[in-house]
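For reference, the structure discussed in these notes is given below.
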Amino acid sequence: MTFAAKTNYSVLLDPIFLEKTLRVGNPSRHICPVEILDDRSITPYSPYEHIYLSYSTNADIDPHLYAIPTGEKTPFFKNSRLKVILNLLKACTRDGGCNLKIDKLLHKKKMLGSS
């Protein structure tokens with residue numbers, strides 16, 4: 001999914017791995033550990049849940065940081081894959097896309113779609 005990386009598409013992070021990563025920090029990059037208060041009397045959500053990060057194929061980002069849906073090999077849930085594909089179809093060719101004018105093609109009945 002290099003197109004997703006090129007376009008800074010955001011994907012969900014794994015809350016357990018994120019918490020472990022923040023607690024340890026990254027000494028080799030001079031990043032200190034981070035401790036975040038997790039007070040369930042304030043909110044039922046963990047401070048590590050519902051966190052998104054732009055997808056990257058950069059070796060500096062541990063791929064385990066991304067939440068991987070059950071039965072999948074990438075951090076792209078089914079709806080995310082569809083959004084990336086739609087963005088790819090619409091994107092300019094200079095960005096690696098197909099430059100399709102989907103609304104125009106649907107209107108002119110050059111492309112089939114359903115609502």
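Each reported figure results from applying straightforward, stated rules to the coordinates on display, with no laboratory input. Worth saying up front: this structure is predicted, and the values here are computed from it rather than measured. FYI the Cβ positions are ideal-geometry reconstructions off the backbone, even for glycines, and counts take in every protein chain you see.
A few notes on this one:
- Helical content alone sets the calculated 222 nm signal of the chain at -8000 deg cm²/dmol, taking -39,500 (n - 2.57) per DSSP H segment of four or more residues and averaging over every residue.
- Convex hull volume of the C-alpha atoms in the chain, normalised per residue: 154 Å³.
- Estimated FRET transfer efficiency when R0 is 41 angstrom, pair Lys83-Ser28 (beta carbons, to 0.05): 0.75
- Sites Asp95 and Thr70 - FRET efficiency at Förster radius 30 Å, r taken between beta-carbons, to 0.05: 0.45
- The phi torsions of segment 71-84, fed into the Karplus equation with coefficients 6.51, -1.76 and 1.60 and a -60° offset, translate into couplings of x, 10, 10, 10, x, 9, 5, 4, 5, 5, 4, 5, 5, 5 Hz, rounded to whole numbers, with Gly and Pro shown as x.
- Highest mean packing comes first when the peptides 43-51, 4-12 are listed by Cβ atoms within 10 Å, giving 4-12, 43-51.
- Model label sites at Lys108 and Ile36, defined 7 Å from Cα along the beta-carbon direction, differ in position by 4.8 nm.
- Nonlocal amide H pairs with Ile51, under 5 Å, H built at 1.01 Å: Leu13
- Folded to 0 to 90 degrees: helix 15-24 orientation relative to the chain principal axis, Cα: 50 degrees
- Qualifying lysines (Cα of each under 23 Å from Cα of Lys90; at least 8 residues distant if same chain): Lys6, Lys78, Lys101, Lys104, Lys108, Lys109, Lys110
- Distances between placed amide hydrogens fall under 5 Å for Asn26 paired with Ile31, Cys32, all partners being 5 or more residues away or on another chain.
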